[in-house]
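S.K.: I'd like to ask some things about the structure below.
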Amino acid sequence: MKTGDTQPKSVLITGATDGLGKALALLLAERGYRVFAAGRSAEKLAQLDALAREKKFALESIALDVCSDASVQSAIQTVLGKTGAIDVLVNNAGVGYMAVVEELKMEDLKQQFETNLFGVLRVTQAVLPGMRAQRSGRIVMLSSVAGLVTPPTYGAYSSSKHALEGLSNALRLELFPFNIQVVLIEPGYIVTNFQQTAKDLAQPYVESAKTSPYERIYSGAWAGATKGRAQSKATPEDCARVILQAIESPNPNARYGVTPLATLVKWAKRLASDRMVDGFLRRKYGVTADSAPRDAKPV
């Protein structure tokens, strides 16, 4: 896609060394965009550069940690020094901490928001002055179906995505005068490296789950998530094509669902009561009432 007649549009993608971010970076480069694929792993960034050289893509990797002010400012200045403008920002970097709310460590919740919300804000604020000056731009936010409904053990992750939805809703209105569109992407289950990372982050909770009063909640949540991933046919490339549509549409939707689960959740939120949605989630994740709490004490 071109800006004017000659210059390809420039795209910055965070979290672009794995899964969805990588699939999107390669798709956009193949379509003629100038892509800056950002991430933290030097090894994975080098692998992406090698792949770009092999395919002769206009794709460059760039070191960027969304949790660091200095890293974000340095990366944005590097991109602007090479292109003069960032036409599209894709906020894709994210992590997921899975634990029941009572047992959730405060430092884990803080890190959840540091990456999924404050990191998004940090990069977006760094890019916006240039977009406002050129009176054009598009910002794509990777949310989740978990930003609409919250399964058990998803309290930290879902709350970060709920917050991202609220932030994006405000930005969509605030940036309208400057011809900058803000789009939310809401995928359901898509198998990527995100699941392995989430599993690693959840390991301390896994180890303590057997002695937790929430043992059945944990086992039901993990079984439900595993089944959902196994049944999902969606790939990172499928989601990348939806994001491409959101980038290239002259009048993009405010949000795009990805996978049948996203469609189901969207309509359930519109048509079903909270009681009905809770009932569905309890059945899906095996949440049943105990005859007596295991840690109950006689009165």
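The values are calculated or read from the model by the stated rules, or taken from the named source; none is laboratory data. Since we're looking at a predicted model, the values are computed, not measured. A quick note on method: Cβ atoms are made from the backbone with ideal geometry, for glycine too, and the neighbour counts reach across all protein chains shown. These accessible areas exclude ligands, DNA and RNA; they are computed on the full protein's heavy atoms, side chains included. Shrake-Rupley method; radii C 1.70, N 1.55, O 1.52, S 1.80 Å.
S.K.: Does Leu244 satisfy being of a type outside the set (Phe, Trp, Tyr) and in contact with a Leu (Cβ under 9 Å, 6 or more places away or on another chain)? Break it down stepwise before answering.
M.R.: Values: of a type outside the set (Phe, Trp, Tyr): yes; in contact with a Leu (Cβ under 9 Å, 6 or more places away or on another chain): yes.
It is true that Leu244 is of a type outside the set (Phe, Trp, Tyr) and in contact with a Leu (Cβ under 9 Å, 6 or more places away or on another chain).
S.K.: Since Gln47 meets every condition but one in (1) in a helix (DSSP H, G or I); (2) crowded, with 23+ Cβ neighbours inside 10 Å, which condition does it not meet?
M.R.: (2)
S.K.: May I pose another question? From the set of residues in region 50-86 that are part of a loop (DSSP other than H, G, I, E, B) and in contact with a Leu (Cβ under 9 Å, 6 or more places away or on another chain), which is surrounded by the fewest Cβ atoms within 10 Å (Cβ to Cβ)?
M.R.: Just the residues of region 50-86 that are part of a loop (DSSP other than H, G, I, E, B), to begin with: 56-58, 64-68, 84-86.
With the extra rule that they be in contact with a Leu (Cβ under 9 Å, 6 or more places away or on another chain), the set shrinks to 57, 64, 86.
Values: Phe57: 21, Leu64: 27, Ile86: 23.
Top of the filtered list is Phe57.
S.K.: I'd like the full set of residues that are at pLDDT 80 or above and either assigned to a helix (DSSP H, G or I) or under 17 Å from Tyr189 (Cβ atoms) (or both), limited to region 207-233. Before you say what the answer is, go through the steps one by one.
M.R.: Step one: filter region 207-233 for residues at pLDDT 80 or above, giving 207-223.
Across region 207-233, the qualifying residues are Glu207, Ser208, Ala209, Glu215, Arg216, Ile217, Tyr218, Ser219, Gly220, Ala221, Trp222, Ala223.
S.K.: Among residues belonging to region 234-249 that are open to solvent by 30 Å² or more (accessible area, probe 1.4 Å), in a helix (DSSP H, G or I) and in contact (Cβ under 8 Å) with a residue 60 or more places away in the chain, point out the one that is nearest to Asn179 (Cα to Cα).
M.R.: Looking at the filtered set, the residue picked out is Glu248.
S.K.: Going through region 10-44 one residue at a time, which ones are over 15 Å from Ala93 (Cα atoms) and not in a helix (DSSP H, G or I)?
M.R.: At the first step, the residues of region 10-44 found to be over 15 Å from Ala93 (Cα atoms) are 10, 26-35, 42-43.
If the condition is that a residue be over 15 Å from Ala93 (Cα atoms) and not in a helix (DSSP H, G or I), then Ser10, Arg31, Gly32, Tyr33, Arg34, Val35 are the ones that fit.
S.K.: So, in region 128-137, exactly how many residues are open to solvent by 20 Å² or more (accessible area, probe 1.4 Å) and in contact (Cβ under 8 Å) with a residue 24 or more places away in the chain? Steps first, answer last, please.
M.R.: Our first condition is that a residue be open to solvent by 20 Å² or more (accessible area, probe 1.4 Å); within region 128-137, this holds for 128-130, 132-136.
Pick out the ones that are also in contact (Cβ under 8 Å) with a residue 24 or more places away in the chain and you get 128, 130, 132, 134-136.
Total satisfying the criteria: 6.
S.K.: I want to confirm something. Restricting to region 2-43 and keeping residues that are surrounded by fewer than 17 Cβ atoms within 10 Å (Cβ to Cβ) and on the phi > 0 side of the Ramachandran plot, which single residue is modelled with the lowest pLDDT? Show your work before the answer.
M.R.: At the first step, the residues of region 2-43 found to be surrounded by fewer than 17 Cβ atoms within 10 Å (Cβ to Cβ) are 2-7, 30-32, 41-43.
With on the phi > 0 side of the Ramachandran plot added as a condition, the list becomes 4, 32.
Details: Gly4: 47, Gly32: 95.
Looking at residues that are surrounded by fewer than 17 Cβ atoms within 10 Å (Cβ to Cβ) and on the phi > 0 side of the Ramachandran plot, I get Gly4.
S.K.: Among the listed residues Leu148, Leu89, which satisfies the condition of being touching a strand residue (DSSP E or B) at 6+ places or on another chain (Cβ under 9 Å), within 18 Å of Asn169 (Cα to Cα) and open to solvent by 10 Å² or more (accessible area, probe 1.4 Å)?
M.R.: On the way: Leu89 fails: open to solvent by 10 Å² or more (accessible area, probe 1.4 Å).
The conditions single out Leu148.
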